[in-house]
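In what follows, a structure is listed as structure tokens, so that the remarks can point back to it.
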Amino acid sequence: MKLTKLSLKKLSFGLAILACLSISNLAWAMGKDILASCSNDKTIKIWDISKPEKDACIKTLTGHTKDVNSIAFNPYDPNQLASGSSDNTIKIWDLPRPEKKECTKTLKGHTECINSIAFNPNNPNQLASCSNDKTIKIWDLSRPEDKECIKNLAGHIGAVILIEFNPSNQNQLASCSSDGSIKIWNLSKPEKDACIKTLTGHTTTVSTIAFNPYDHHQFASGSLCGSIKIWDLSKPEKDACIKTLNGRAYSISSIAFNPYDQNQLSSCSDNGSINFFNISKPEKNAFIKYLTGHTAWINSIAFNPNNPNQLASCSNDKTIKIWDLSKPTDKACIKTLTGHAEEINSIAFAPKTKNQKSFEKKMLKRSKDKKLSDVRIHFPE
């Protein structure tokens, strides 16, 4: 709803509180320009990328005692962020809280460093994590402390590098490993029966996977051997790989589907480049273009879910770059963010809220003790 000063006067006190949250709550709630990053410097930084570069970092979260390897926003609540670290813990953060009080929960259970975490896009309380201890854990954040872990999945014979939920199937999870395999899990089954497919084809560590948001059977994987494979889960295991792309690099570190284009896949790598592919084309013609600018290994890329032309990347060069994909490749980098003291491992954009009514109810509850005079009014453009 587009608010005007005239219509605002007609709102009740309660609705005014809901529509005009404190400025910090509103920033997370809108999510449009909010980006999170995590680093080997043990911190998480929150950025408002609409601001000038020098003012873009709006919050720094501390609490982990070793490298922070992975971060994820809750798709049902952009105020909630999770982080996984080499200190073997997962932390849950409530971003609008005052500094030093943002961490609301610490999950323990893994015995080695945590490589990846992911919220279930179809369950607001479910989080998955994977580790060098070769396991995947499923957590229910609504459960009491020390009882949050509801499932422990074992089957990989190497470190589990990354996990990804199928956005179209709340019970389906994919994982990739240093053992060179990809496993598909059905979370509705008992632990011992949960692995329903094991996909092989890469010749070394599978470092990244991503589901196509337009096709619930399709996902992509990237490997340290430099190849990218497209898989169709509706096919038998031996026929599941339907395309292999030359990743144009020695090692693929991250891949992402463009949420605005079902055929566009992006990858980043050890050579500091970001490559774009049209997966509907034959393998030899799939490559579209590449972007350069980072001076070291790129660890993660993310499309902005609120802007069809925007991509972010982070690197071992300690920078984050924001790219405008509508511009020529030599002018595509529109912003470079600095502030982390060491390599940046992962980035994540604040999501579009999956359940706006539930989120607004939560924000109203959070704001019920505020006086109207304490609330900063913001009129959406």
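Bear in mind that the values in this text are calculations on the coordinates, not laboratory data. Everything quoted here is computed from the prediction, not taken from an experiment. Cβ atoms come from the backbone with ideal geometry, glycine included; neighbour counts cover every protein chain shown.
Our coupling estimate for the stretch 68-84, obtained by passing each phi through the Karplus curve with A = 6.51, B = -1.76, C = 1.60 and θ = phi - 60°, is 9, 9, 8, 9, 7, 7, 6, x, 8, 8, x, 7, 9, 10, 10, 9, x Hz, Gly and Pro reported as x. All Cα-Cα separations within the stretch 113-267 were binned at 5 Å from zero, giving a P(r) of 2, 10, 19, 23, 22, 14, 7, 3, 1, 0, each value a whole percent of the pairs.
Note on Lys101 and Ala341: their simple-model spin labels are 2.7 nm apart, each label 7 Å out from Cα toward Cβ. Can you grab the distance from the C-alpha centre of the stretch 149-167 to the C-alpha centre of the stretch 191-245, Å, no decimals? One Cα centre to the other: 14 Å. Relative to the current alpha-carbon distance between Glu283 and Ile334, full extension at 0.36 nm per residue lengthens the span by 15.3 nm. Distance distribution note for the stretch 48-202: the fraction of Cα pairs above 22 angstrom is 41%.
Once the Cβ-Cβ distance between Lys235 and Thr292 is put in as r, and R0 is 51 Å, what FRET efficiency do you end up with, to the nearest 0.05? Walk me through the numbers before you get to the answer.
Values: r = 36 Å, r/R0 = 0.70.
After rounding to 0.05, the efficiency reads 0.90.
Its relative contact order, with pairs defined as Cα atoms under 8 Å and 6+ residues apart, puts the stretch 223-287 at 25 percent.
For the stretch 158-250, what's the relative contact order in percent, using C-alpha pairs closer than 8 Å and at least 6 residues apart?
Numbers: 215 pairs, mean separation 18.8, N = 93.
Reported as a whole number, the value is 20 percent.
Run the numbers on the stretch 67-198 and let me know its relative contact order in percent, using alpha-carbon pairs under 8 Å that are six or more apart. Before the final figure, lay out the partial values.
Numbers: 339 pairs, mean separation 20.6, N = 132.
So the answer I get is 16 percent.
So, counting K/R as plus one and D/E as minus one, what does the shell of residues with Cβ under 15 Å around Asn132 add up to? Summing Lys/Arg as +1 and Asp/Glu as -1 gives -2.
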